[in-house]
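Okay, so here's the structure we're looking at.
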Amino acid sequence: MALQVFLNASLRRHVPGYNPYAGLTIEVSPGTPVFRLIAQIGLPPEEVTLIMVNGVRQHSDYCLEGSERLGLFPPIGGG
């Protein structure tokens, strides 16, 4: 099933031609863990520190169904 993936901030530089308005549409098999999808996209796993699935924070071992909206975020600092 098709999954919508949105990369935020510095993660975008890892995907040439990434369109932040459209995101990525990726086909995944049900039961695919997020960490496999991160590797498939080509993102360094240590740079993904926040994973949101349908607006809910999840861990990298969360298994996707394939129809979700996934947001991936790098470490963010501020003050």
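For the reader, a short list of remarks on this structure follows.
- Hits in the stretch 31-79 (condition: charged (D, E, K, R) and over 16 Å from Phe6 (Cβ atoms)): Arg36, Glu46, Asp61, Glu65
- Here the stretch 1-53 is the region considered, the condition is being in a loop (DSSP other than H, G, I, E, B) and in contact with a Gly (Cβ under 8 Å, 6 or more places away or on another chain), and the residue that is nearest to Leu72 (Cα to Cα) is Asn8.
- Residue in the stretch 43-50 that is surrounded by fewer than 11 Cβ atoms within 10 Å (Cβ to Cβ) and either within 10 Å of the chain's Cα centre (by Cα) or without any contact (Cβ under 8 Å) to a residue 12 or more places away in the chain (or both) present: yes
- Positions within the stretch 7-42 being touching a residue at least 40 places away in the same chain (Cβ under 8 Å) and touching a strand residue (DSSP E or B) at 6+ places or on another chain (Cβ under 8 Å), in sequence order: Leu7, Asn8, Ala9, Leu11
- Residue in the stretch 56-78 that is modelled with pLDDT of 95 or more, surrounded by 13 or more Cβ atoms within 10 Å (Cβ to Cβ) and in a helix (DSSP H, G or I) present: no
The values are calculated or read from the model by the stated rules, or taken from the named source; none is laboratory data. Only a predicted model underlies this, so the values are computations on that prediction, with no experimental measurement involved. Here the Cβ is made from the backbone with ideal geometry for all residues, glycine too, and neighbour counts use every protein chain on show.
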